[in-house]
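The values are calculated or read from the model by the stated rules, or taken from the named source; none is laboratory data. Treat the numbers as computed from the prediction; the structure is a model and nothing was measured. As a convention, Cβ positions derive from the backbone with ideal geometry for all residues, glycine included, and neighbour counts pool all protein chains shown.
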Amino acid sequence: MTATASRGDSDPGQDAAQDGVVFVAAVAEALRPAVVGQLRYVVQMIKASREGEFRRSLYGIAAELARLAGWTYFDVRQYSQARVYFTEVRPPTGLR
């Protein structure tokens, strides 16, 4: 008898859970460049725009994209990088 079990001998529920983790990580890796690229674009728009409703809306969009980028890093266990994105976009005090 061997000490290692083949995949056929393991718990099907555990295998399905592991497959789900791998899938989520693959999706996060695939989507991250698009999310980060859009975030950078919105940040450039914020810098180029004047005060007003449009700029406040851009901050909301940037915050959502930063949150999403953070989760793509969190899902692949890159917690330090996730924290950077989770805290990246904060509007100036006057816009809150």
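Yes/no matrix, rows are residues, columns are (1) assigned to a helix (DSSP H, G or I); (2) surrounded by 16 or more Cβ atoms within 10 Å (Cβ to Cβ); (3) modelled with pLDDT of 85 or more:
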| site | (1), (2), (3) |
| --- | --- |
| MET1 | no, no, no |
| ALA17 | yes, no, no |
| VAL24 | yes, no, no |
| VAL35 | yes, yes, yes |
| ARG77 | no, no, yes |
| ARG83 | yes, no, yes |
Scan the stretch 37-54 for residues that are assigned to a helix (DSSP H, G or I) and of a type in the set (S, T, N, Q) and jot them down. GLN38, GLN44
Cβ pairs under 9 Å, 6+ apart or interchain, first in the stretch 67-87 and closer than 17 Å to ALA26 by Cβ, second of a type in the set (Asp, Glu) and part of a helix (DSSP H, G or I), ordered by first then second residue, are THR72/GLU29; ASP75/GLU29; VAL76/GLU29
